[in-house]
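Please read the structure below before turning to the comments.
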Amino acid sequence: MSPAKLRILLVEDDELFRLGLRVRLQQEAELEIVAEAEDGETALELANRHSVDIVLLDIGLPGIGGIEACRQIKQQHPKLPVLVLTSRSQQSLIGRLIEVGAQGYCLKGIAAETLVLALRSVAAGASWWDQTATTEIRAAFHKGNGSSELLGTDDELTSPLTQREQEILALLASGKTNQEIAEILHIVSGTVRVHVHTILQKLKVHDRTQAVVVAIKKKLIAPDFLE
């Protein structure tokens, strides 16, 4: 019995680019484009009408725009992952994407294989942020302003992390997977998952990327991992 296909809502206003994406993605046996939209309003309507596993969303859309479309999609479907595809990589944009609930973003022009991997990862519950996002966040850290532009005010943590949780968070920030973290720390991946869940709860965030941003901002991770 073949595995269920990953059902994608594709939102892109450039018709030729959208056609190219559709043709390439549907070459993958486990991917299926079930609906397409050219603007944010249509994307919202289709997200309500179709059962999809992930939204691949351009943010340079006519109408309400991609950022607002993402916010409303996540508001109405909190568990529906959104992967943004954009040509922009400004730090302020990354912060806005985090705020509206996107699970990650890829820059247009990336290799098709990388985009396919990002779709699979985000649909499976992971975050996927282009390397540029990490670079921008680290640059903010080195400038000494933390990530205030990304996440706003510096609220005090009510639940400080344990030493083990700080170790795991630092490894998350360096891009390690649960399995890689487990191997480095000589523990099982299930234990890593439990720690990650606890970290998210303590930092009051929804995913790993937000946890890393908060940790850098509040200096919960030693800066040597940024070298």
| request: Mind computing the radius of gyration and Dmax over the alpha-carbon atoms of the stretch 62-101? Å is fine for both. | output: 10.1, 27
| query | Across 5 Å bins from the origin, how do the percents of Cα pairs in the stretch 1-101 run, short distances first? | reply | 2, 13, 25, 25, 19, 11, 4, 1, 0, 0
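All of the numbers you see were taken from the coordinates with simple rules; none came from a lab. Keep in mind that what you see is a predicted model, and the values were worked out from it rather than measured.
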